[in-house]
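Working notes for the structure below.
Laboratory data are not the source of any read-out in this text; all were calculated from the coordinates shown. Predicted, not measured: the structure shown is a model, and the values here were computed from it. We place every Cβ from the backbone using ideal geometry, glycine too, and count neighbours over all the protein chains shown.
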Amino acid sequence: MVRPTRLLAAALAALALALPGPAPAQSAQETAYVMGLMESMNALSVRFNREVCGYILRHPNGAYSSTKVSWGGHASCASLPVTDGMDVVSSWHTHAAWAEEYDNEVPSIQDVEGDMRMGVNGWVGTPGGRLWFVDGRTGFMRQVCGPGCLPEDPNSVEGSQGPVGESYSLDALYARFGQTR
């Protein structure tokens, strides 16, 4: 059963992505598909402490699906190759279970730059239950929904790596990680 808070989060996420902003709007259908996918994948990712990843595909009839799921390690995941002719609209992955040594409540620099190299947008689920959208052209990322909107790790410590912003530019993400481009 889907909790009413998750339904509200999905509705707010669809509305937020439809509003003008630095990242291009995703369709309500893609957002709803990703929310459903990430609810199940984030729960498994936390349970088994492994990243899970894949690509979101759009079919000629407008329906969305995911490629076959790839299981990674506790801090990385490599998606399986996509069949030629498929319309890849975005990547997606989770950040596994909470770990004190990782700032895993935000997309990593590698996450964002990987999407930019591939020329696709990205979606990232975190152990604290956040869902992020990454603009694959600009590197701008924003929370689609905040802590607890996806299944979360009960051991997750909110703010353990400092406050988490609602959005970041790629330069701001570099600064968060104490690096320069």
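Out of Pro147, Pro107, Gly54, whose Cα points farthest toward the positive end of the dipole of the chain (charges: +1 Lys, Arg; -1 Asp, Glu; placed on Cβ)?
Gly54
For a Förster distance of 25 Å, can you work out the FRET efficiency between the beta-carbons of Ala32 and Met86, rounded to the nearest 0.05?
Between Ala32 and Met86 the formula returns 0.80.
Evaluate E = 1/(1 + (r/R0)^6) for Arg181 and Asn61, where r is the Cβ-Cβ distance and R0 equals 35 Å; express this FRET efficiency to the nearest 0.05. Before the final figure, lay out each step's value.
Working: r = 41 Å, r/R0 = 1.17.
The calculated FRET efficiency here is 0.30.
So for the chain, considering every pair of alpha-carbon atoms, how many percent are separated by more than 28 Å?
I get 15 percent for the Cα pairs in the chain exceeding 28 Å.
For the range 80-155, run through the GluC sites (Glu not before Pro) and keep only the ones in DSSP coil with at most 12 other Cβ atoms within 10 Å of their Cβ. List each step's numbers first, then the result.
Numbers: sites: Glu100, Glu101, Glu105, Glu113, Glu152; in loops: Glu100, Glu101, Glu105, Glu152.
Here the sparse-neighbourhood loop sites are Glu100, Glu101.
Which value in deg cm²/dmol, rounded to the nearest 500, describes the helix-derived mean residue ellipticity at 222 nm for the chain, given -39,500 (n - 2.57) per DSSP H run of n ≥ 4 and division by the residue count?
-9500 deg cm²/dmol
HN-Hα J couplings of the range 171-178 from phi, Karplus 6.51/-1.76/1.60, θ = phi - 60°, integer Hz, Gly and Pro as x?
Ordered by residue, 3J(HN,Hα) equals 4, 5, 5, 4, 5, 4, 8, x Hz.
So which trypsin sites (Lys or Arg not before Pro) in the range 115-148 pass both tests, a DSSP loop state and at most 16 other Cβ atoms within 10 Å of the Cβ? All intermediate terms of the calculation are to be shown ahead of the outcome.
Numbers: sites: Arg117, Arg130, Arg137, Arg142; in loops: Arg130, Arg137.
Filter output for the range 115-148: Arg137.
Which distance in nm do the two modelled labels at Tyr102 and Arg117 give, with both placed 7 Å along the Cα-to-Cβ direction?
Each label point is offset 7 Å from its Cα along the Cβ direction, giving 1.9 nm.
Provide the FRET efficiency to the nearest 0.05 for the Ile109-Lys68 pair, computing r from the beta carbons and using R0 = 41 Å.
Working from the Cβ atoms, E equals 0.95.
Kyte-Doolittle cut-off 0.0, length cut-off 18 Å along the helix's own axis using Cα: show which whole DSSP H helices in the chain pass.
Values: long enough: 4-18 (21 Å, 1.65); 28-48 (30 Å, 0.35).
In the chain, the long hydrophobic H runs are 4-18, 28-48.
Among bridges DSSP assigns within the range 60-181, what percent are antiparallel (round to 5)?
Numbers: 10 of 16 bridges.
Roughly 60 percent of the DSSP beta bridges within the range 60-181 come out antiparallel.
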